[in-house]
Every structure is written in C-alpha cells, then in structure tokens.
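Colleague: Pasting a structure below so you can have a look.
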Amino acid sequence: IIETGSIENTNLAQYDRLMNTNVRSVYQLTNLAVPHLIATKGNVVNVSSVNGIRAFSGVLAYCMSKAAVDQFTRTGIEEVGLLVCAEDNRAYRGIVWGAAQDRINQIDIKSHGTEKYDLEMEER
C-alpha cells in the first residue's frame, strides 16, 4: 500500500500500517514458505518499487517500506540460496540486483512522469 506523508505529518499509525502491510507480510509469508521452497527448489518473487532505492518526497514511510523489502530480498534470499525472479523474467541465484539495478540507476526521474506526480501531491 502507499500513503502520502513526510516526517512532519506521518503519524505512527500510518507508519505501522505501511510497514505491517508492505514489510511484515513479505517476511511472514516468506518465512512460512521457505521450508517448502527449499525442498522443491522453488522461487521467490518480491514486488518492490523504485521508491526503495530512489528518494521521492511526500511518501517517506512508503519509501522506507520498499527499501526494507529490497534489503530483505538481498539478505534473506541469499542466506537460503533460493532463486529470485527479476523484472525481466530471468532467474538469478541469490541477489537479483545486477542488470536491473543498473537500469534503475539510469532512470531520469523528471522524464518518467514524476513532475505530474509532484503536482498531484501538491494539490492534495
């Protein structure tokens, strides 16, 4: 889920709701699935956002939650040696942040619609 807010106006209830939905749920479901995934050589697909690695104003807790999912994926998956599917449908053992990460780092934020997003945020 996503909710808008900065450090000045995001209350703890909003923060907890975002972290429980976006992070705790990923952790809990992966934790429950790991024994089966190891036994069947299964895959994990964690859906995150560019907000996990790039700062965007007005969505502080959301950015934090997606950064937590990214780090969980890097650390937790590497620990148990599961496959992780990247956004381009190729599977990698362990860490997924190779070519996909390079492409994300090259994104020109202003040319991908965030000006419209910023205007929408200002209007709220």
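Colleague: Between residue 13 and residue 54, 0.36 nm times their residue separation minus their Cα-Cα distance comes to what?
Modeller: Details: separation 41, 0.36 × 41 = 14.76 nm, distance 2.40 nm.
Result for the pair: 12.4 nm of gain on full extension.
Colleague: Report the Rg/Rh value for the range 13-76, based on alpha-carbon coordinates and the Kirkwood definition of Rh. Before the final figure, lay out the partial values.
Modeller: Values: Rg = 13.0 Å, Rh = 12.5 Å.
Using only Cα positions, Rg/Rh for the range 13-76 is 1.04.
Colleague: Residues with beta-carbon under 12 Å from that of residue 21, excluding residue 21: net charge, scoring Lys, Arg +1 and Asp, Glu -1?
Modeller: Numbers: positive: 17, 24, 66; negative: 3, 16.
That works out to +1.
Read-outs throughout are calculated quantities, based only on the coordinates presented, and are distinct from any laboratory measurement. Just so we're clear, the structure is a prediction, and the values are computed from it rather than from any experiment. Glycine also receives a Cβ, built like all others from the backbone with ideal geometry; neighbour counts cover every protein chain displayed.
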